[in-house]
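The values are calculated or read from the model by the stated rules, or taken from the named source; none is laboratory data. This is a predicted model, so every value here is computed, not measured. Positions of Cβ are backbone-derived with ideal geometry, glycine not excepted, and every protein chain shown enters the neighbour counts.
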């Protein structure tokens, strides 16, 4: 992390600009914990904590990581502003949607892409392991559908649209779908 990023971190801003894998999940968890724990000493109640902001420009990454980040965002006691800049694909779109309702933004020319959970066989070749792997992956598909329902209040029909294929959206379309609240 360079000095500018450190200053932004301390001021409550985090820029997610790489693919979202385990390191990114840990980074966001550390960021939210830093602000929750550091400022809880300075403020009498959790509601007095400063708001934080996540700016997203990513091709995506781990669905599990995005689900974890979404849960952390939604449990933060103050608004978490999410802003898409450039692109918010896959896991990035999930993190964008997880922002506090009313505080989810995308710049006008941002591309947002959502899709169904992708999985492979995990290297398993025998039928028992493949069956177990398939069951676990189908459960992840259901978790992702529940996530989209909770974050966007979308209908089952809309969720089918989100998860049926790669769906590329403009910022205005993402707003219509309930992924964001405002176009900048």
Among the residues of region 153-173, is there at least one that is closer than 25 Å to residue 72 by Cα, under 15 Å from the mean Cα position of the chain (by Cα) and at pLDDT 85 or above? no
Find the residue count for region 1-12, including only residues that are outside any loop (DSSP other than H, G, I, E, B) and either surrounded by fewer than 16 Cβ atoms within 10 Å (Cβ to Cβ) or modelled with pLDDT of 80 or more (or both). 7
Selection within region 95-113 - more than 12 Å from residue 74 (Cα to Cα) and under 13 Å from the mean Cα position of the chain (by Cα): 104, 105, 112, 113
Pairs where the first residue, in region 141-156, is under 15 Å from residue 64 (Cβ atoms) and the second is assigned to a loop (DSSP other than H, G, I, E, B), C-beta under 6 Å, 6+ apart: 141/117; 144/117
